[in-house]
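All of the numbers you see were taken from the coordinates with simple rules; none came from a lab. This is a predicted model, so every value here is computed, not measured. No Cβ is skipped: glycine too gets one built from the backbone with ideal geometry, and neighbour counts run over all protein chains shown.
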Amino acid sequence: MKDTKNDEIMPLLQEQKKPLVPRTEDEMAKLLSRLKKIEGQVRGLQKMVEDERYCIDILVQISAVNAALKKVGMQVLKRHTTHCVADAIKKDDSEETIDELMKTIELFMKI
């Protein structure tokens, strides 16, 4: 079965746009720090699987990783909305911008 929603969203990912307002050094540092912590959690999960840990323990850690990723995603989405989307709407590019935002939210909700 073909996933038409993904077909609509994937071109957004392939365009490789840069943020209209570049992230500050502080924003970049905080974002990378969170992602590195998540990376450590995932490595911990790999070790748990290799060590044949109890399934529920692994599932609890998977839940923690998912929550951490969602939190990072919300921060990125919030910044995108307050900077990129707001700027595009001010420049009267609202229809295309809102369509892109809605597709982005739809993609994010799948996580």
Quick check on Val65: is it farther than 28 Å from Val21 by Cα, among the β-branched types (Val, Ile, Thr) and under 16 Å from the mean Cα position of the chain (by Cα)? yes
Total residues in the stretch 97-111, condition surrounded by 13 or more Cβ atoms within 10 Å (Cβ to Cβ) and either touching a Pro at 6+ places or on another chain (Cβ under 8 Å) or in a loop (DSSP other than H, G, I, E, B) (or both): 0
Could you count how many residues in the stretch 63-96 are more than 26 Å from Ala29 (Cα to Cα) and surrounded by fewer than 14 Cβ atoms within 10 Å (Cβ to Cβ)? 7
